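Asks: Take a look at this one; I'll ask things after.
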Amino acid sequence: MIEPQGKGGGAMKIRIAIWAAVGALVVAFWALYIMTTHQNVGAGGVGRVIVCLTCPIAIEGHHPQSLYFVMVVNAATYALVGIAVETIRRHLRLRSIPN
C-alpha cells in the first residue's frame with residue numbers, strides 16, 4: 001500500500017536525524033579517543049584511513065578547526081548520506097510491493 005504524501009515522511013525524517021546524530025557521535029568518539037590515549041593519528045597508516053572514512057572533514061587536516069565545527073560538518077555529511085540511503089531504501093521498498 002502506498003501511503004499518502006503527508007504520512008510517510010515522519011519516519012524518514014527521524015531516520016535521517018539518527019544518521020546526523022551518529023555523525024556527531026563519531027566526532028565525539030574520536031575526540032575522546034585521541035584525548036584519552038594521547039595518540040597522534042599521524043599522516044598515514046590504518047588509523048588515519050579509518051578517521052578519514054568515518055570523519056571526512058579530517059581529510060582537510062592542514063587547517064585547525066574547532067570541535068564544534070567538525071561535529072556540525074560531520075553531522076551534516078552523515079545526514080546527506082542518510083538522505084541518499086533512505087531515499088534508495090524507500091524506492092526499493094516501494095518497487096518490491098506487488099501491484
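Asks: For the chain, what class follows from the C-alpha gyration tensor (a ≥ b ≥ c being the square roots of its eigenvalues): rounded when a/c is under 1.5, otherwise prolate if a/b is larger than b/c, else oblate?
Replies: Prolate, since a/c reaches 1.5 and a/b exceeds b/c.
Asks: In addition: If you stretched the chain out fully between R15 and F69, how much longer would it get, using 0.36 nm times the residue separation minus the C-alpha to C-alpha distance?
Replies: Going from the current span to full extension adds 17.2 nm.
Asks: Then there is this: Using only DSSP helix segments of four residues or longer, with each worth -39500 (n - 2.57), what per-residue ellipticity at 222 nm results for the chain after dividing by its residue count and rounding to 500?
Replies: Taking each H run of at least 4 residues, the total per residue is -25500 deg cm²/dmol.
Asks: Along the Cα→Cβ direction, 7 angstrom out, place labels at I50 and L80. What is the inter-label distance in nm?
Replies: Rounded to a tenth, the inter-label distance reads 2.5 nm.
Asks: Report, in debye and to the nearest 20, how large the dipole of the chain comes out about its Cα centre when Lys and Arg carry +1 and Asp and Glu carry -1 on their Cβ.
Replies: It comes to approximately 420 debye.
Asks: Also, I was wondering about something else. Can you give the net charge of the other residues whose Cβ lies under 15 Å from the Cβ of A21, counting K and R as +1 and D and E as -1?
Replies: My count for the surroundings of A21 gives +1.
Asks: Tell me, H62, H91 in order of fewest to most beta-carbon neighbours within 10 Å?
Replies: H62, H91
Values quoted throughout were computed directly from the atomic coordinates according to the rules given, and no laboratory measurement underlies them. Since this is a predicted model, take the numbers as computed values, not measurements. For neighbour counting, all protein chains shown are included, and Cβ atoms are generated from backbone atoms with ideal geometry for every residue, glycine included.
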